[in-house]
Amino acid sequence: MLLCATDALAQARAAVTPRDTSPITVVRAYVSAFNAKNLTAMMSYVSPKMVWLNVAGDSTTLGGRGRDAFQRLLTSYFREVPTAKSQLLAAHALGPWVTTHERTRWNSPTAGAGGQSSVVVYEVRAGQVHRVWYYPAEP
């Protein structure tokens, strides 16, 4: 009986334990949700006003604005490349900034087998990704 009460107490504490909102933990959880193709979990880590920027040379272009637009983009991407998996080869945080070296691999009927590596900088505030700078990918 005591064991059941202890288990119930542990489960109750786990249910009310706040989520770790440190920037590096948020980015790792976001990538994990990407790998699981769990859009609901991914979007829980994204600000409603999230901005995605593509960096090329000394210029940036807007890749997307807003959580809803980003979710539509990912829905389409997962449909086209359902086997995509991303691996964080390195991740470093300084305040709200998390710089990662990510490798993504896939093998799908429409996209074929492939992969790429890139540097990505995330701005994380209050447990959500607000901005992402995506640098050109390399094979």
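Can you tell me the relative contact order of the chain? Whole percent, Cα pairs under 8 Å, sequence separation 6 or more.
25
How tilted is helix 67-80 with respect to the longest principal axis of the chain? Cα atoms for both, answer in degrees (0 to 90, nearest 10).
Long axis of 67-80 versus the principal axis of the chain: about 70 degrees.
At 25 °C and 0.890 mPa s, grab the translational diffusion coefficient of region 61-110 from Stokes-Einstein with a Kirkwood Rh over Cα pairs, rounded to a whole number in µm² per second. Present the calculation step by step, with values, prior to reporting the outcome.
Details: Rh = 13.0 Å.
Translational diffusion coefficient: 189 µm²/s.
Using Cα atoms only, what is the angle between the long axis of helix 2-16 and the major principal axis of the chain, expressed in degrees (0 to 90) to the nearest 10?
40
Based on Cα coordinates alone, diagonalise the gyration tensor for the chain, multiply each eigenvalue by 5, take square roots, and list the semi-axes in whole Å, largest first.
Numbers: eigenvalues 190, 73, 42 Å².
Working through the eigenvalues yields semi-axes of 31, 19, 15 Å.
With springs connecting C-alpha atoms under 10 Å apart, model the chain as a Gaussian network and identify which of SER44, SER76, SER118 has the largest mean-square fluctuation.
Among SER44, SER76, SER118, the largest mean-square fluctuation in the Gaussian network model of the chain belongs to SER76.
Tell me what the chain gives for mean residue ellipticity at 222 nm when only DSSP H runs of n ≥ 4 count, each as -39,500 (n - 2.57), the sum divided by the residue total, rounded to 500 deg cm²/dmol.
Numbers: 4 runs with 48 residues, N = 139.
When only DSSP H runs of four or more count, the value is -10500 deg cm²/dmol.
Taking the Cβ of each residue in HIS130, HIS92 as the centre, tally the other Cβ atoms inside 10 Å and list the residues starting with the fewest.
Result, fewest neighbours first: HIS92, HIS130.
By count of other Cβ within 10 Å, fewest leading, how are LYS49, LYS85 ordered?
LYS49, LYS85
Would you calculate the convex hull of the Cα atoms in region 89-135 and tell me its volume per residue in Å³?
90
A short reminder: the numbers here are calculations on the coordinates, not readings from a lab. Predicted model only: the values in this text are computed from it and were never measured. Neighbour counts are summed over all protein chains in view; Cβ atoms, including those assigned to glycine, are modelled from backbone coordinates with ideal geometry.
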